[in-house]
């Protein structure tokens, strides 16, 4: 039985199955996917695709939590977007430069600066 509750749950489960078949642990992205799934169920309950506003709004909301590793969260959603695109589903993929392959910026302030520079929050419908 799936732990996921949003309309994206079958796709999230399929992505985890696919990654597990490649030798990756299901648990490596589980907490981020559960959090995103709950966010989608609450704030975008009709979503059947990964859209830019929902992805960026969730990442922005996650920045408000203490001790957040935004790189891990962004990587998880980038992988989900790439998987959905690969299986022919419409999906927003975070740009490759959004998720740094180099050492992550450690401070929350630093990430917020990068976030605001790369993406205009005026286009994000913040639902709180």
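For the criterion of being modelled with pLDDT of 95 or more, assigned to a helix (DSSP H, G or I) and touching a helix residue (DSSP H, G or I) at 6+ places or on another chain (Cβ under 7 Å), residue 36 passes. Does at least one position in segment 85-94 carry a residue that is within 12 Å of the chain's Cα centre (by Cα), modelled with pLDDT of 95 or more, assigned to a helix (DSSP H, G or I) and surrounded by fewer than 18 Cβ atoms within 10 Å (Cβ to Cβ)? No, segment 85-94 contains no residue that is within 12 Å of the chain's Cα centre (by Cα), modelled with pLDDT of 95 or more, assigned to a helix (DSSP H, G or I) and surrounded by fewer than 18 Cβ atoms within 10 Å (Cβ to Cβ). Please determine, by comparing only the residues of segment 5-15 that are within 14 Å of the chain's Cα centre (by Cα) and part of a helix (DSSP H, G or I), which one is surrounded by the fewest Cβ atoms within 10 Å (Cβ to Cβ). The selected residue is 9. Total residues in segment 59-75 satisfying the condition of being touching a helix residue (DSSP H, G or I) at 6+ places or on another chain (Cβ under 8 Å) and assigned to a loop (DSSP other than H, G, I, E, B): the figure is 1. The condition (being at pLDDT 90 or above, closer than 27 Å to residue 5 by Cβ and either buried (at least 17 other Cβ atoms within 10 Å of the Cβ) or in contact with a strand residue (DSSP E or B) (Cβ under 9 Å, 6 or more places away or on another chain) (or both)) is satisfied by just one residue among 48, 99, 55: 55. Considering 2, 31, the condition of being loosely packed, with under 15 Cβ neighbours inside 10 Å, at pLDDT below 95 and assigned to a helix (DSSP H, G or I) is satisfied by 31 alone.
The values are calculated or read from the model by the stated rules, or taken from the named source; none is laboratory data. Quantities reported herein were computed from a predicted structural model and do not represent experimental measurements. Quick reminder, even Gly has a Cβ in these numbers, built from the backbone with ideal geometry, and neighbours come from all protein chains shown.
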